[in-house]
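Inspection log for the structure reproduced underneath, given as structure tokens.
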There are 2 protein chains.
Amino acid sequence: MKQVELRERFAPIVMTAEEFRAAGHRLVDRIAEFLDTVQTRPVTPNEPPHVVRAALGDGPLPAQGAPPQELLDQAATLLFEHSVLSAHPRFWGYIYSSAAPIGALGDFLAAAVNPNVGAWNLSPVASEIEAQTVRWIAELIGYPTDCGGLLVSGGNMANFVPFLVACKVKADWDASREGLRAPAGRLLRIYCSAETHTWIHKAADLFGMGMDAIRWIGADADLRMDTAELRGRIAEDRTRGDLPFIVVGAAGSVSTGAVDPLPELAAIAREQGLWFHVDGAYGAIAAALPDASADLRGLALADSVAVDPHKWLYAPVEAGCALVRNRGDLFKTFSHRPPYYHFPEHEGEESVNYFEHGMQNSRGFRALKVWLALRQVGREGYVRMVADDVRLAQALYRIAQEDPELEAITQGLSITTFRYVPRGLKAGSQGTEEYLNKLNEELMTRLQAGGETFVTNAVIRGKFVLRACFVNFHSTLADVEALPGIVTRIGAEVDKEWRRSAGL
Amino acid sequence: MKQVELRERFAPIVMTAEEFRAAGHRLVDRIAEFLDTVQTRPVTPNEPPHVVRAALGDGPLPAQGAPPQELLDQAATLLFEHSVLSAHPRFWGYIYSSAAPIGALGDFLAAAVNPNVGAWNLSPVASEIEAQTVRWIAELIGYPTDCGGLLVSGGNMANFVPFLVACKVKADWDASREGLRAPAGRLLRIYCSAETHTWIHKAADLFGMGMDAIRWIGADADLRMDTAELRGRIAEDRTRGDLPFIVVGAAGSVSTGAVDPLPELAAIAREQGLWFHVDGAYGAIAAALPDASADLRGLALADSVAVDPHKWLYAPVEAGCALVRNRGDLFKTFSHRPPYYHFPEHEGEESVNYFEHGMQNSRGFRALKVWLALRQVGREGYVRMVADDVRLAQALYRIAQEDPELEAITQGLSITTFRYVPRGLKAGSQGTEEYLNKLNEELMTRLQAGGETFVTNAVIRGKFVLRACFVNFHSTLADVEALPGIVTRIGAEVDKEWRRSAGL
């Protein structure tokens, strides 16, 4: 061993304070300029994979290193020029928000100090900030602030965590040791609306229960869960000897923003001894609005709620949040303490080790960006921004209603769906509906490629419709008013091309 | 609706370019100063929860907002003063590395542009950078570069993903629909060494199989899996009618850095038709060293490997990586496409949608920080830094061997374990061993509280031992040479106090 060398260690990954300041200032300036000019760029680069790959360059892992500032400059240019811009005021796709600038600075600070928020003793103040963030999120949506909870990667995990808790709490055998094989051939049963996000497919598929466990409950005219059908299916399953264990309600379905009748679902779950989970990954934040519906406020009755700060709190990805009414249930589900985790106790004081409350052991400090944004704008700032997102969606619905070439389809929370119907075409017949579906599908593809705006789709009662979801504090009424013109112009182009090629 | 207002939107979360630059520059300066002075601070703040909470302040979600720069300043001060400093040259706890400064800048850039790396069309260049990062990691450790893989939150998830794939691939019924209830009462069986990290408890417990499915295979004198016992248990289980499906080997156990005989495990798994997974979350990177053992290089034979860039590639948390030999297996396990995900295809070109390769749908851009660091130092830079970590651990072992008050216990990869044995005390008798265990436990607590250094523990054949894990490019031989003096000084204090209070 060359001991001499190890006294002055070779560590090319170190940046001197001077290098760090220079590279950091330059990156701040480039990001500031980028954020300031997003609206002048196309929303999408619209490049096929081979073009993006050519810009990136291929090749093996470099043998030698390169100067960090140069690499950061390259990376910034690549990202600014070849990304979809959710910070664009006309980006309304999926449920994917514009990111708060303070969130990016928060992620920077978190990564620089690098607390591991798995254990309190490894991240004292970060663990406390996460706990405070969880309480504030609960408070904002009207959920009990003494609940358990933690920040997770996003909506899937924010739903998976309570789902796994429900399995453990409701199994009347030792599922930790014996698995989810219910004794005597009974089958566990999940109840949710057919509008539920695919997290439920993934959960049932991956976590050992199987998708056959899911009872898809029909929806009413407003795409809300049919509670009569729910009661009927639970009764049937009990008669068959199955084990109903969870009801999942939506606080803002992903396609239309529909809110299930949560108070009624809560009552059914209570009466039947089932776990009541609310998927509010998108819409739970809207419960903070003064005019929130009683249905939405019913999430306060749930055993658990998923709510994603990287949706309607405008945090950069990743920031989901799982809330569970009884924090002891989280601990019972997730705590496994190996002999090499030996944490001194703090006598008489509670201190949360988050590795015992969720799926991860090592954990980053996702809470910081959320905590900073909550403090930057306060409750009143959020209420106002969220309310304005809803009002923009409502404005779009009205505009679509009035536009002779658009058909307004649904409006819920900050999601509006609509479709393009060429002048003179009478919707209704099967052939026309098929044509309209193909037309709107192609229209959506061209809209996304065109870079003027970004909307996605839903499929509602067999109709392929365009869908705009407003979780974007950059959008104004002018942006919304511009959309119909773009849609009908491109829609008419497609219609004309297709008619011409069909010889019409 | 007040349409006028929505033309000039109220969005207190926006920062003007000027505000962003000012706050960003100030944060860069504060972080640069912090990173430059870490070594002058205590490694741990050593404050009980109520002190940390008092510093943070309690109270409800603020109704009103506050200026972002002020909040960032407060947050930086809180974090600098009340965190455990993994960037300190004498931090050697758990497997928790010093973070690359370029990684923090990478996380900043990622969050500012905010690509959602769930779908290629939402994150063109970010998806390509992630794919390149996965290839480079595979190349670095000698795994096939055409494998599947993705960045995940950390070691648990990097092991969970392949575990879930193995369940699906090896179940000979439709487990996606029917769950993990094997037909005809057969039980799935997992084989791993008793030294396996608790991810395996969590996986078996949470994912429906139950911990009874785990067959704990004994270890040899070097704490490596006993392959004769493994063969015996598989044969027994087959005779009983159970369904062996996975063998888990360690490439660097968490307690001692032990590497299981991976080529032999691969041969057994192949012969028996079992999935062979290697948990290399910590140690797989060491396979890049020119003098890596044949056992370690055997990870190239695995069906899947977990490897964490936030361990030995010095990325800030979170960055784990799951590699799966056949990328189609990832897709088959995780792809669920809802009707509202409608992505235009790129004719004849492959483009990965990562939501179909793992548990998350929305995904952050974890790969950027890893990609930047790989390019900053290159393969040669990493090989040198990782080799030096190993040499420091070896140096500590030799020093402990030579110190009359220390007992060197194990040395593997960059982990060394040892314990304090007071002069004149003869280890061996049951009473003495119990005393030594308590003594070293108290010693570890005081070491961590003292703030001079940070080591954690292992429990090896009933002995509570101190454990230093070097994944820290700041550490030099001088830091290692300082450790025995600190340990024996504090150890002697505890011993003296205890003897005195026992009247000895």
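The values are calculated or read from the model by the stated rules, or taken from the named source; none is laboratory data. Predicted model only: the values in this text are computed from it and were never measured. All Cβ positions, glycine included, derive from the backbone under ideal geometry; neighbour counts span all protein chains shown. Note: areas computed on protein heavy atoms with side chains; ligands, DNA, RNA excluded. Shrake-Rupley method; radii C 1.70, N 1.55, O 1.52, S 1.80 Å.
Scanning region B:166-199 for residues that are open to solvent by less than 60 Å² (accessible area, probe 1.4 Å) and under 18 Å from B:Asp279 (Cα atoms) yields B:Ala166, B:Cys167, B:Arg189, B:Ile190, B:Tyr191, B:Cys192, B:Ser193, B:Glu195, B:Thr196, B:His197, B:Thr198, B:Trp199.
For B:Trp216, work out the one condition from (1) in a loop (DSSP other than H, G, I, E, B); (2) under 30 Å from B:Ile415 (Cβ atoms); (3) open to solvent by 30 Å² or more (accessible area, probe 1.4 Å); (4) not acidic (Asp, Glu) it doesn't fulfil. Of everything listed in (1) in a loop (DSSP other than H, G, I, E, B); (2) under 30 Å from B:Ile415 (Cβ atoms); (3) open to solvent by 30 Å² or more (accessible area, probe 1.4 Å); (4) not acidic (Asp, Glu), B:Trp216 misses just condition (1). The set of residues in region B:132-178 that are modelled with pLDDT of 95 or more, of a type in the set (Phe, Trp, Tyr) and farther than 20 Å from A:Gln360 by Cα comprises B:Trp136, B:Tyr143. Region B:60-165 holds helices (runs of 4 or more DSSP H) entirely within its bounds, and those carrying 1 or more residues that are at the interface with chain A (Cβ under 7 Å from one of its Cβ atoms), of a type in the set (Asp, Glu) and closer than 30 Å to B:His342 by Cα map to B:101-113, B:124-141. Within the option set B:Glu5, B:Glu18, being assigned to a helix (DSSP H, G or I), open to solvent by 50 Å² or more (accessible area, probe 1.4 Å) and modelled with pLDDT of 95 or more holds for one residue only, B:Glu18. Annotation for region A:200-208: no member residue is open to solvent by 10 Å² or more (accessible area, probe 1.4 Å), touching a residue at least 40 places away in the same chain (Cβ under 8 Å) and either in contact with a strand residue (DSSP E or B) (Cβ under 8 Å, 6 or more places away or on another chain) or in the same structural domain as A:Ala315 (by TED's automatic domain parsing) (or both).
Whether any residue in region A:34-48 is outside any loop (DSSP other than H, G, I, E, B) and within 22 Å of B:Ala315 (Cβ to Cβ) is what I want to check. No, region A:34-48 contains no residue that is outside any loop (DSSP other than H, G, I, E, B) and within 22 Å of B:Ala315 (Cβ to Cβ).
Yes/no per residue for (1) closer than 20 Å to B:Arg391 by Cβ; (2) without any contact (Cβ under 8 Å) to a residue 60 or more places away in the chain; (3) crowded, with 21+ Cβ neighbours inside 10 Å; (4) not hydrophobic (A, V, I, L, M, F, W, C):
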{"position": "B:Phe245", "(1), (2), (3), (4)": "no, no, yes, no"}
{"position": "B:Tyr282", "(1), (2), (3), (4)": "yes, no, yes, yes"}
{"position": "B:Ile285", "(1), (2), (3), (4)": "yes, no, yes, no"}
{"position": "B:Pro309", "(1), (2), (3), (4)": "no, no, yes, yes"}
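When A:Gly424 is tested against (1) more than 14 Å from chain B (Cβ to nearest Cβ); (2) under 28 Å from the mean Cα position of the chain (by Cα); (3) within 23 Å of A:Glu493 (Cβ to Cβ), exactly one condition is not met: (2). Restricting A:Leu392, A:Leu396, A:Leu374 to those that are more than 7 Å from chain B (Cβ to nearest Cβ), touching a Ser or Thr at 6+ places or on another chain (Cβ under 8 Å) and of a type outside the set (D, E, K, R) reduces the list to A:Leu396. Would you confirm whether or not region A:400-407 contains a residue that is of a type outside the set (D, E, K, R), outside any helix (DSSP H, G or I), in contact with a helix residue (DSSP H, G or I) (Cβ under 8 Å, 6 or more places away or on another chain) and crowded, with 19+ Cβ neighbours inside 10 Å? The answer is yes; a qualifying residue exists. Based on what the data block shows, is A:Lys332 farther than 19 Å from A:Thr145 by Cα, surrounded by fewer than 24 Cβ atoms within 10 Å (Cβ to Cβ) and out of contact with any strand residue (DSSP E or B) (no Cβ under 7 Å at 6 or more places or on another chain)? The answer is yes for A:Lys332.
With respect to (1) under 30 Å from A:Thr16 (Cα atoms); (2) in contact with a Leu (Cβ under 6 Å, 6 or more places away or on another chain), the lone exception for B:Ala100 is condition (2).
In this structure, is A:Ser253 over 20 Å from A:Arg379 (Cα atoms) and modelled with pLDDT of 95 or more? So A:Ser253 passes the test. Kindly list the number of the only condition in (1) in contact (Cβ under 8 Å) with a residue 60 or more places away in the chain; (2) acidic (Asp, Glu); (3) more than 27 Å from B:Gly364 (Cα to Cα) that fails for B:Asp58. Tallying (1) in contact (Cβ under 8 Å) with a residue 60 or more places away in the chain; (2) acidic (Asp, Glu); (3) more than 27 Å from B:Gly364 (Cα to Cα), B:Asp58 fails exactly one: (1). When residues in region B:186-198 are screened for being without any contact (Cβ under 8 Å) to a residue 40 or more places away in the chain and more than 7 Å from every other protein chain (Cβ to nearest Cβ), 1 of them pass. The set of residues in region B:446-504 being over 30 Å from B:Pro49 (Cβ atoms), of a type in the set (Phe, Trp, Tyr) and open to solvent by 60 Å² or more (accessible area, probe 1.4 Å) is empty. Based on this model, can you work out whether A:Arg423 counts as part of a loop (DSSP other than H, G, I, E, B) and open to solvent by 10 Å² or more (accessible area, probe 1.4 Å)? Answer is yes for this residue.
Conditions tested, residue by residue: (1) part of a helix (DSSP H, G or I); (2) more than 30 Å from A:Ala387 (Cβ to Cβ).
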position: A:Thr432; (1), (2): yes, yes
position: A:Tyr435; (1), (2): yes, yes
position: A:Met444; (1), (2): yes, no
position: A:Leu447; (1), (2): yes, no
position: A:Val465; (1), (2): no, no
position: A:Val471; (1), (2): no, no
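Sub-8 Å Cβ pairs linking a first residue in region A:394-406 that is within 11 Å of A:Val487 (Cβ to Cβ) to a second residue that is at pLDDT below 95, at least 6 apart or interchain, are A:Glu405/A:Arg423, ordered by first then second residue. Taken over region A:343-390, the residue count meeting the criterion of being at pLDDT below 95 and surrounded by 24 or more Cβ atoms within 10 Å (Cβ to Cβ) is 0. Applying a threshold of 7 Å to beta carbon distances and a minimum spacing of six or more residues, or different chains, the list of pairs starting in region A:332-348 at a residue that is under 22 Å from B:Glu195 (Cβ atoms) and ending at one that is open to solvent by 40 Å² or more (accessible area, probe 1.4 Å) and part of a loop (DSSP other than H, G, I, E, B) is empty. Report whether or not B:Arg379 is over 19 Å from B:Ile415 (Cβ atoms), of a type in the set (Lys, Arg), within 22 Å of the chain's Cα centre (by Cα) and within 7 Å of chain A (Cβ to nearest Cβ). Spelling it out, B:Arg379 is indeed over 19 Å from B:Ile415 (Cβ atoms), of a type in the set (Lys, Arg), within 22 Å of the chain's Cα centre (by Cα) and within 7 Å of chain A (Cβ to nearest Cβ).
Quick check, is A:Gly232 among the small types (Gly, Ala, Ser), surrounded by fewer than 19 Cβ atoms within 10 Å (Cβ to Cβ), over 30 Å from A:Phe418 (Cα atoms) and free of Cβ contacts under 8 Å to residues at least 40 places away in the same chain? For A:Gly232, the condition - among the small types (Gly, Ala, Ser), surrounded by fewer than 19 Cβ atoms within 10 Å (Cβ to Cβ), over 30 Å from A:Phe418 (Cα atoms) and free of Cβ contacts under 8 Å to residues at least 40 places away in the same chain - is met. Restrict the check to region A:316-331 and report whether at least one residue is in contact with a Lys or Arg (Cβ under 8 Å, 6 or more places away or on another chain) and more than 30 Å from A:Cys469 (Cα to Cα). Scanning region A:316-331, I find at least one residue that is in contact with a Lys or Arg (Cβ under 8 Å, 6 or more places away or on another chain) and more than 30 Å from A:Cys469 (Cα to Cα), so the answer is yes. The single condition among (1) over 20 Å from A:Leu477 (Cα atoms); (2) open to solvent by less than 10 Å² (accessible area, probe 1.4 Å) that A:Asp107 does not meet is (2).
Among residues of region B:1-36 being more than 19 Å from B:Glu70 (Cα to Cα) and under 26 Å from the mean Cα position of the chain (by Cα), the one that is nearest to the other protein chains (Cβ to nearest Cβ) is B:Asp36.
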